Structures are given as structure tokens and as C-alpha cells.
Amino acid sequence: MTVDTLLTVVPPDRVVTDPDLLRSYEHDEAEWAPHGAPLAVVRPTNTAEVQATVRYCVDHRVPLVTRGAGTGLSGGANATDGCVVLSTERMTDIVEIDTAERLAVVQPGVVNDDLRARSAKDGLWYPPDPASAPWSTIGGNVATNAGGLCCVKYGVTRDYVLGLEVVTGRGDVVRLGRRTAKSSAGYDLCGLMVGSEGTLGVLTEVTVRLRPLQPPQQTVAGYFDSIVDAGRAVSAVTAAGIVPSALELVDRHCLAAVDAWKNMGLSVDANVVLLGRTDAPGVAGDAEAEGMLECFRGAGASWADRSTTPEEAEALFQARRLAYPALERLGPLLTEDVCVPRDLVPEMLSRIEQAAARYDTQIANVAHAGDGNLHPLLITPTGDEEAKARAQRAFADIIEAAIELGGTVTGEHGVGLLKRDGLRDQLSGPVLEMHRAVKAALDPYGILNPGKVIG
């Protein structure tokens, strides 16, 4: 089959067929996930062009893979052989900021940080802030139910999506959700789309809730010799009833990689650093900051104190955000995204250490520690197939441990391709059948991102 018919249903300048250009759309940042060669890439600018593309794929039974910025870490946007990749890179309009209702309406290709910057001009704030916020798109964030640094207090993408415009697997355009403060009308089909990774529909517009601008924050830091002790500090913060606006873990491997790349003058004396923030006002903020420091010290921190300057605090959090691209320079990364109950963070960190030793695999650790979402990064030398095989076994063991501890295989990156086996282990047979029934109902021709999530 050729793309001649496709060129008649959308403007020709929206369609990419050059083999050299197509290669850049084959996969996301999950280096270990398989991918294929697409037939074409379509870069629509509006809902009508998306609908025309979906209907073309329905009529010709061509797989359709929707892609945002390609920053995913699970292979969720990876092409399959002969598919059409629908890239939202040209759907970048911020359609509306409603200051009275505190909401924004955007096209799916709007970059997270761009929405945050535009909202701030009106004294408003969009809280979900994945580490990829400078590059990732709102549509991609919705597709994976992305979290971020401040979700420990303010919630994840799902908590902010009010409404969606979606092109279904039949090629129909539907509006789901609401603009009102609440609604009990019918099933939550809007919520069903959040985290569905492009397998149930193609997003063309997103309505999100906004909050007043975040208050100024205080930052605290603690250095630990033991990563398990750092985990105990996290559990202690939770047990004390403190709800920080961020609580992040970064180990020395990450700090060293960032410093070698960006020359930020970061201290790598500690094995692990915990970074906490509070945005509570006045005396309450002072009490939360001191409470976190007490938890750090009680868990065995070798040093714990407040950040002395905003610049120092920002440098530490910037290092946290840069951890993945910095480590990526060292060799192929296999990225975990397990999430466990917060009182079991120390045990999960211990299991990760055991997996590293068992399989002789270097594992760097960053984490949204305050909500139990851990990102072990398994590093292997380029071209070392034996090391890669060991890392894959360690990856499987870490997922198994998270499930055993009552956790989940993915907190915010999505299932994609890399965690399909883990998802089948996590969910019961009847629940998997419910997933398959939903998929069949909303994608009756099986064209939407086939092979992802439930396979």
C-alpha cells in the first residue's frame, strides 16, 4: 500500500515520507524497547486533520501511533512496521486561559513548561511538572498520566484534566468531561482516557484545571551514606504527617554525571541526597522544614540543613531534573518507574541494591521519593550484550519486588512496551479481561497503538 490516498485526505505538506526523516519518529527515549519503520508521519494542525488521518487508518486497517515530543521512557510511542505515526508537534495552540474558572484549554502538542509560563502571566499555575517538563507535551503527559516533583502534594495529571476532545477508533470526534467544578453525569470516560497511552483514542484538545500561583518555597537537604537510610527518612516524613511540596532522592551516580556534563560544582561527597521543599506560609513553613530535617537526622543523615540561597536550592533541583540525560551519556539506560507504599520505600531501595549486586549491574537512583515513585536507572556499556542481559534480569526482579510489596510497575511513565509483562503480573485475570473489553469497545479495528499496554 502507498500513501497516495493519505495525501488526498490531509494537506500534502502535513505528510512526511522521506526515509531519513521517518527514522527520527521511530521510537521514544526508551532505548531498549523494540520499534519498527513507519509508512508515513502525519503532522496535523487541527482536529479535522486528525480525524481524516484516523479515518484513513480505519478504512485501510493501518496501525496508528500517536506521538508527542518523543520523551517517553517505556516505548509507548514506538512505531510498528507499516504504521502511520501521528505527531502532534504542530498542534501547539494555547486556545484559552479562563481566569475566572481557573482552567486552560490547549492543543495536545503544547509543551508543559509553555503552559506553566503562560498561566503564570495570569497569576495561575499548572502543577504537574515531570522532569521532562521543558520538552514533554500536555498530550503526552495525559497519555501516561505523568506526575512530577510536586505531585507528592498537588497530585498528578489525572487530578487536573477536566475535559478532552478525542478522535475515537471509529473516526468520530467526541467531547468528554466537563468545564464545571463537578459532574456526576455518566461514566468517567474522560478519566478512562488519561493514562491510556494512545490505545483508546487520539487527543485533539485538553482542558485542565489551574491553581493560584505556588507560594515561595523553602528547601532543605540531607546527605546520607546509605540509600536505605534515606528511604527511612522518607517514611519518617510521611509518618510525621508532613506533606512537602517536593521530596526528591538523588544518588551520587546521578550527581557525578550531571556535574561532569554541566560543571555545576555539585557536591558528590554523599552517597545519597534527599531534597525537600515546603510551600507552607510563615511559621507553618518553618515548622515543616524543621520537621523534615529532624526526620533526616533521625534516619542517620550525615548532614542536614536548610538551603542558604535560592540559587543553591535551584541548582540541586536542576541536577535532579538533568539526571536522566546526564546518565544517558554514559551508555544505554533501562529506566524503571516502580511505585510502592511510602512506608516500604526503604525495603524497595534495599531490593534495588540487592538486584544490582545479584546481576552485577550499575544502578543509579533518582526518585519522587515523597510519593514512593522510584526511578532506578540501569546502566550498561554500549555494545555489551552480556551486561544488557543481566540488566534485563535485574529490571524484571525490581518489578517483581514492587508488585510483591503492594506497589505498581509504573507510577508515571506508562506501560508502553517495556512493562507489559509486569502489568500482566500485577493485574488479575478478570481485570485484564476488563482492559481488553474496553480496548475492543473503543478501538474495534485494533488500529490504535497496537501492542502497547496490554499487548
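Every number in this text was worked out from the coordinates using simple rules, so none of it is lab data. Quick caveat: nothing in here was measured; it's all calculated off a predicted structure. As a convention, Cβ positions derive from the backbone with ideal geometry for all residues, glycine included, and neighbour counts pool all protein chains shown.
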| task | Treating only the Cβ atoms of Lys and Arg (+1) and Asp and Glu (-1) as charged, compute the dipole magnitude of segment 1-60 about its Cα centre; round to the nearest 20 debye. | result | 240
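Taking the Cβ-Cβ separation of Val9 and Asp113 as r and a Förster radius of 41 Å, what is the calculated FRET efficiency to the nearest 0.05? The partial results should precede the final answer.
Details: r = 33 Å, r/R0 = 0.82.
Taking R0 as 41 Å, the efficiency between Val9 and Asp113 is 0.75.
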| request: Quick one: dipole size for segment 2-121, taken about the Cα centre, charges +1 on Lys/Arg Cβ and -1 on Asp/Glu Cβ, in debye to the nearest 20. | output: 220
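If the convex hull of the alpha-carbon atoms of segment 6-87 is projected onto planes in all directions, what is the mean projected area in square nanometres?
For segment 6-87, averaging the hull's shadow over all directions gives 5.0 nm².
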| message | Please list, in order along segment 125-142, the HN-Hα scalar couplings obtained from phi with the Karplus expression 6.51 cos²θ - 1.76 cosθ + 1.60 (θ = phi - 60°), rounded to whole Hz, x for Gly and Pro. | response | 9, 9, x, x, 9, x, 4, 8, 3, x, 10, 6, 9, 4, x, x, 4, 5
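Treating only the Cβ atoms of Lys and Arg (+1) and Asp and Glu (-1) as charged, compute the dipole magnitude of segment 163-226 about its Cα centre; round to the nearest 20 debye.
Roughly 380 debye, rounded to the nearest 20.
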| query | Fully extended, how many nm does the chain gain between Arg329 and Asp421 (0.36 nm per residue separation, minus their Cα-Cα distance)? | reply | 30.3 nm
| field | In Hz, Karplus ³J(HN,Hα) per residue of segment 156-169 (6.51, -1.76, 1.60; θ = phi - 60°; x = Gly, Pro) | value | 9, 3, 3, 6, 10, 7, 9, x, 9, 9, 9, 9, 7, x
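Which semi-axis lengths, in whole Å and largest first, follow from the square roots of five times the eigenvalues of the Cα gyration tensor of segment 46-111?
Taking √(5λ) for each Cα gyration eigenvalue gives 27, 16, 8 Å.
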| task | Determine the relative contact order of segment 94-212: mean sequence separation of Cα pairs under 8 Å and six or more apart, normalised by residue count, in whole percent. | result | 32
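Report the far tail of the P(r) of segment 94-212, meaning the percent of Cα-Cα pairs longer than 25 Å.
15
Explain nothing, just the number: relative contact order of segment 215-320, from Cα pairs under 8 Å at least 6 residues apart, as a whole percent. All intermediate terms of the calculation are to be shown ahead of the outcome.
Numbers: 182 pairs, mean separation 48.0, N = 106.
Relative contact order for segment 215-320 comes out at 45 percent.
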| request: Enumerate the lysines that Lys182 could reach by cross-link, defined here as Cα to Cα under 25 Å, with residues fewer than 8 away along the same chain left out. | output: Lys153
| query | Bin by bin, in steps of 10 Å, what percent of the Cα pairs in segment 215-320 do you find, going until the bin that has the longest distance? | reply | 16, 50, 29, 5
| message | Can you compute the helix-only [θ] at 222 nm over the chain? Use -39500 (n - 2.57) per DSSP H run of at least 4 residues, normalise by all residues, nearest 500 deg cm²/dmol. | response | -10500 deg cm²/dmol
| query | If eta is 0.890 mPa s and T is 25 °C, what Stokes-Einstein diffusion coefficient results for the chain, Kirkwood Rh from Cα pairs, in µm²/s? | reply | 108
| Gain in length, Ser350 to Leu213, computed as 0.36 nm per residue apart minus the alpha-carbon separation, to one decimal in nm? | 45.5 nm
| Please state the relative contact order of the chain as a whole percent: Cα pairs under 8 Å, 6+ residues apart? | 16
| query | When Lys and Arg each count +1 and Asp and Glu each count -1, what net charge do the other residues less than 13 Å away from Val453, Cβ to Cβ, add up to? | reply | +3
| request: Could you go through segment 176-188 in sequence order and give the Karplus-derived ³J(HN,Hα) for each residue, using 6.51 cos²θ - 1.76 cosθ + 1.60 with θ = phi - 60°, rounded to whole Hz, and x for Gly and Pro? | output: 10, x, 7, 10, 7, 5, 7, 6, 10, 8, x, 5, 7
| remark: So Arg297 and Ala389, fully extended at 0.36 nm per residue minus their Cα-Cα distance, gain in nm 29.2 nm
| task | Write down the radius of gyration of segment 161-272 and its Dmax, each obtained from C-alpha positions, in Å. | result | 21.6, 57
